[in-house]
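The values are calculated or read from the model by the stated rules, or taken from the named source; none is laboratory data. No experiment lies behind these values; they were computed from the predicted model shown. Quick reminder, even Gly has a Cβ in these numbers, built from the backbone with ideal geometry, and neighbours come from all protein chains shown. The protein model used for the area step is the full one, side chains on, heavy atoms only, and it has no ligands, DNA or RNA in it. Shrake-Rupley method; radii C 1.70, N 1.55, O 1.52, S 1.80 Å.
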Amino acid sequence: MINFDYLRVTTPKAAVDAIVTNRNAQWIAGGTNLIDLMKKGVVEPQKLVDITNLPLKEIKKTSNKFSIGAMALNSDVADNELVQKEYPLLSLALKAGASQQLRNMATVGGNMMQRTRCPYFYNIDMPCNKRQPGSGCGALKGFNRMHAIFGASDKCIAVHPSDMCVALVTLDATVVVTGPKGERRIPFQDFHRLPGELPQKDNTLERGELITAVELPDQPFKKNVHYLKIRDRSSYAFALVSVAVAIDMQNGKMNQVRLGMGGVAHKPWRLKEAENFLTGKAPSEPVFREAAKLAMRGAKGYGHNNFKLKLGPNTIVEALIKATATS
Amino acid sequence: MSHQKTHEENHPDKGRRDFIKQSSLLTALALAPPALMKAADPGWEAEAPRLLEQPLNIEINGISRKLSVEPRVTLLDLLREQLALTGTKKGCDHGQCGACTVHVDGKRVLSCLSLAVMQEGKKVTTIEGVGTPDNLHPMQAAFIKHDGFQCGYCTPGQVMSGIACIREGHADSDDDIREYMSGNICRCGAYPNIVKAIAEVKKGGKSL
Ligand SMILES: Cc1cc2nc3c(=O)[nH]c(=O)nc-3n(C[C@H](O)[C@H](O)[C@H](O)COP(=O)(O)OP(=O)(O)OC[C@H]3O[C@@H](n4cnc5c(N)ncnc54)[C@H](O)[C@@H]3O)c2cc1C
Ligand code: FES
Ligand code: FES
């Protein structure tokens with residue numbers, strides 16, 4: 001690893017200032033993604049600003065919302081009693097990610113900001129528009145088994161690898177950020193972006209904007225939830241496809257439905273059409289099949305990942321069956 | 001007890017380094033930029049300058065240490081290269097195998113993806129800190145009893161992870177153990193015996 005300067009900050013303001021005043025500075029939280037990328041030479045910050053001592057670790061419930069500090073550890077959020085009770089889907093998704101050692105280091109903010117695991121992005125000898133704009137997309141016609149089937153562009157077909165983010169988009173979370181221009185709130189849905197012409201931009205944050213918290217609205221999804229992650233081995237691997245389901249059952253019908261998908265797009269994917277279709281219906285496999293068909297509209301394979309066109313709908317159906325089995 | 005150690009302690013394998021240094025001194029001088037040549041007079045510490053070093057106060061296996069590290073040094077490299085605590089293994093160096101698992105403030109983490117300088121004020125426990133050959137930790141004893149290893153390379157990480165797994169309350173069933181030990185890869189495939197070892201220690205009910 002190329003050497004760099006190191007600064008420890010204890011206030012969000014100092015964290016923002018340190019980044020705004022130095023173009024080559026970058027925040028480090030758990031380091032589980034950043035150190036890896038630095039060892040590979042994918043990113044080479046000249047200065048790391050350590051934000052792990054910021055007072056942003058709290059997980060708390062106020063009258064109408066639930067707030068999780070950006071520096072809260074993935075393992076602490078997953079094991080938090082309130083999270084397990086109020087937002088069990090989030091806990092399930094977190095536990096499906098990485099390993100306990102990594103979850104003990106990884107933070108909520110870092111998880112949202114983690115880069116794609118596309119092998120062309122990780123290998124600096126390969127073309128990659130995300131790493132080096134204009135160099136081409138190696139995956140488009142190359143090894144693309146892990147890649148997107150929704151919303152990709154001819155510039156980039158990478159996917160966002162997070163499990164936690166799939167749960168957060170499904171649960172209509174809001175991201176709270178603070179930056180040089182003050183605080184603002186971003187709906188989770190709009191936080192990550194599609195690659196389009198600018199694959200180097202993973203999300204809609206401006207330079208110098210620090211994630212301080214994630215907020216969740218009050219919700220009825222306590223029981224009929226499921227996170228189904230399909231991967232090459234049963235644990236400690238990134239998703240090929242994952243599906244998050246949250247349903248509010250009333251009198252044997254699906255009163256409210258939330259569906260999200262991971263491993264399929266440049267951002268955590270919401271399946272609104274399928275949600276609308278399922279709402280008000282009684283759960284049954286034919287109904288789930290129909291919803292999965294709707295969800296897959298517009299999906300496109302790139303060769304090695306064509307299997308996702310079949311695995312996707314099957315995973316949706318299976319996750320819906322699992323989520324509704326406990327009603 | 002806190003004893004102050006700095007430079008010497010950072011380099012317990014000084015003999016070997018001195019040899020390498022001497023043999024490469026000429027090359028080093030030939031390549032040295034003018035600013036460094038000045039340091040090559042007597043009193044020079046005959047060592048590559050360590051850029052941007054930062055002080056680091058850290059407790060390792062119960063001993064407080066005052067060290068000095070470059071920001072880029074990982075906790076794993078600090079332990080192995082500077083402190084000669086080579087029990088902690090480097091498998092992949094990228095967070096993918098778990099061989100480098102240690103405890104920081106009681107939590108298991110991967111030392112290969114941790115910067116040493118970020119561990120300021122923390123308490124680190126490595127495999128050297130859990131047991132000795134004459135006084136094995138129950139987890140070490142169970143690994144031996146159940147044949148929980150072949151080559152042994154992953155074992156320090158497995159033992160550190162196994163202890164944490166029980167402390168966290170994630171060892172209630174074999175499935176639970178398998179899931180929560182999934183961050184520790186064993187190339188020799190000793191998994192069934194590792195699960196048996198951890199389940200037995202858990203059943204023993206001792207607080208670890
Ligand atoms: C072997 C391995 C397996 C993994 N498996 C999975 C998996 O199955 N599922 C999954 O979801 N993840 C997985 N991960 C990824 C892991 O979840 C991420 O690496 C982790 O969440 C990143 O968090 P961090 O705090 O360590 O971030 P860091 O590495 O510290 O930072 C990552 C980026 O986020 C920025 N950043 C950090 N905090 C903030 C903030 N508050 N505001 C703005 N920017 C910020 C940093 O500047 C940096 O650019 C895996 C990782 C590894 C190494
Ligand atoms: S050496 Fe750290 S996880 Fe492999
Ligand atoms: S015993 Fe050889 S790698 Fe586990």
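With coordinates expressed along the principal axes, the C-alpha atoms belonging to segment B:138-204 extend over 28, 22, 17 Å, beginning with the largest.
Could you list the residues of segment B:121-152 with an amide nitrogen less than 20 Å from a label point located 7 Å from the Cα of B:Glu200 in the Cα-to-C-beta direction? Under cut-off, by backbone N: B:130-152.
The figure for A:Leu171 is an accessible area of roughly 0 square angstrom, using a 1.4 Å probe on the protein chains alone.
Compute log10 of I(q)/I(0) for segment A:5-53 with the Debye formula, placing one identical point scatterer on every Cα and leaving out solvent, at q = 0.17, 0.22, 0.24 Å⁻¹, to two decimals. Each listed q corresponds, in turn, to -0.45, -0.74, -0.85.
Please state, to two decimals, what the Cα-based radius of gyration of segment B:53-129 comes to when divided by 2.2 N^0.38 Å (N = residues).
0.96
Going from the isolated chain to the complete set of protein chains, segment A:94-112 loses at least 10 Å² of heavy-atom accessible area (1.4 Å probe) at A:Lys95, A:Ser99, A:Gln100, A:Gln101, A:Leu102, A:Arg103, A:Asn104, A:Met105.
Spin-label pair A:Lys201-A:Asn53: with each label point 7 Å from Cα along the Cα-Cβ axis, the two points sit 3.4 nm from one another.
A simple rule links phi to the HN-Hα coupling: the Karplus curve 6.51 cos²θ - 1.76 cosθ + 1.60 with θ = phi - 60°, which for segment A:167-174 gives 5, 5, 6, 5, 8, 6, 6, 10 Hz, with x for Gly and Pro. Summing Lys and Arg as +1 and Asp and Glu as -1 over all other residues whose Cβ lies under 10 Å from the Cβ of A:Leu82 gives a net charge of +1. From the square roots a ≥ b ≥ c of the eigenvalues of the alpha-carbon gyration tensor of segment A:165-271, which class results: rounded (a/c under 1.5), prolate (a/b over b/c), or oblate? The shape class here is oblate. Note: relative contact order over segment A:113-237, using C-alpha pairs below 8 Å and six or more positions apart, is 22 percent.
Binning the alpha carbon pair distances of segment A:1-158 at 10 angstrom intervals from zero yields the distribution 10, 30, 32, 24, 4, 0, expressed in whole percent. Residues whose amide H lies under 5 Å from that of A:Gln256, counting only those 5 or more places away or on a different chain, are A:Asp248; hydrogens are built 1.01 Å from N in the peptide plane. Shape call for segment A:121-225 from the C-alpha gyration tensor, a ≥ b ≥ c root eigenvalues: rounded (a/c under 1.5), prolate (a/b greater than b/c) or oblate? Taking the square roots of the gyration eigenvalues as a ≥ b ≥ c, segment A:121-225 is oblate.
Summarise the partner chain shielding of B:98-105 as one whole number: the mean count of Cβ atoms from other chains within 10 Å of each residue's Cβ. Don't skip to the answer; put the middle values down first.
Values: counts 5, 0, 1, 3, 1, 1, 2, 1.
Mean partner shielding for this stretch: 2.
Protection proxy ranking for B:111-120, A:16-25, B:175-184, A:286-295, using the average of other Cβ atoms within 10 Å per residue and placing the highest first: B:111-120, B:175-184, A:286-295, A:16-25. Quick one: which bits of segment A:232-260 get at least 30 Å² less accessible when the partner protein chains are in, versus the chain alone, with a 1.4 Å probe? Output list: A:Ser235, A:Tyr236.
Taking only Cα atoms of chain A, what ratio of Rg to Rh do you get with Rh as the Kirkwood inverse-distance radius? Write out the running numbers ahead of the final one.
Working: Rg = 19.5 Å, Rh = 20.2 Å.
Ratio value, two decimals: 0.96.
Fully extending the segment from B:Thr132 to B:His94, taken as 0.36 nm per residue of separation minus the present Cα-Cα distance, adds 10.8 nm. When B:His103, B:His146 are compared by accessible area at a 1.4 angstrom probe, the order from most to least is B:His146, B:His103.
With a simple spin-label model that places each label point 7 Å from the Cα along the Cα-to-Cβ direction, the separation between B:Glu53 and B:Ile144 comes to 3.9 nm. For segment A:124-136, the Karplus equation 6.51 cos²θ - 1.76 cosθ + 1.60, evaluated at θ = phi - 60°, returns couplings of 5, 8, 10, x, 6, 5, 6, 7, 9, x, x, 7, x Hz by residue, with Gly and Pro reported as x. Across chain A, C-alpha contacts under 8 Å between residues 6 or more apart give a mean separation that, scaled by the residue count, equals a relative contact order of 17 percent. Using the Cβ-Cβ distance between A:Asp190 and A:Lys61 with R0 set to 25 Å, the FRET efficiency from 1/(1 + (r/R0)^6) comes to roughly 0.55. Here the convex hull built on the C-alpha positions of segment A:208-327 has a volume of 145 cubic angstrom per residue. Summing both sides, the accessible surface hidden between A and B at a 1.4 Å probe radius is close to 2800 Å².
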